[in-house]
1. Just to be sure before I move on: is Thr75 at pLDDT below 75, of a type in the set (Val, Ile, Thr), assigned to a helix (DSSP H, G or I) and in contact with a helix residue (DSSP H, G or I) (Cβ under 8 Å, 6 or more places away or on another chain) in the structure I sent?
2. Within the stretch 64-89, count every residue that is closer than 30 Å to Ala29 by Cβ, among the aliphatic types (A, V, I, L, M) and exposed (fewer than 14 other Cβ atoms within 10 Å of the Cβ).
Amino acid sequence: MTGYHADGEALTTASRELTAAADAVHTAADALATEVGGTLGSDRLTAAAAALTRSTAADLATVRDLMRESSSRVTAALAAYQEADEAARDRLR
């Protein structure tokens with residue numbers, strides 16, 4: 001595997017790890033909202049916690065989408081750079 005592919009793989013792995021972390025945060029926030037609302041028995045508090053959870057989930061989804069887009073762009077740029085580098089090396093031979 002060339003250095004370019006290794007860099008692309010590392011970026012893809014990091015993007016997957018970020019997505020998994022974002023999902024874990026969302027799950028924890030949802031569980032916390034349920035627990036807080038259930039413990040205090042307040043409909044208003046439960047609604048506020050649910051709204052916060054939805055907002056957090058939307059923010060995390062945006063981050064995930066941006067990471068996927070960035071990962072795709074960087075991977076494409078690395079591939080283009082590799083092709084240009086190989087073409088230049090071929091011309092020098």
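1. no
2. Of the residues in the stretch 64-89, the ones closer than 30 Å to Ala29 by Cβ are 64-74.
From the residues that got through so far, the ones that are among the aliphatic types (A, V, I, L, M) too are 66-67, 74.
Retained after the next criterion (residues that are exposed (fewer than 14 other Cβ atoms within 10 Å of the Cβ)): 66.
Counting residues in the stretch 64-89 that are closer than 30 Å to Ala29 by Cβ, among the aliphatic types (A, V, I, L, M) and exposed (fewer than 14 other Cβ atoms within 10 Å of the Cβ) gives 1.
The values are calculated or read from the model by the stated rules, or taken from the named source; none is laboratory data. Bear in mind that the values here come from a model prediction, so they are computed numbers and not experimental data. All Cβ positions, glycine included, derive from the backbone under ideal geometry; neighbour counts span all protein chains shown.
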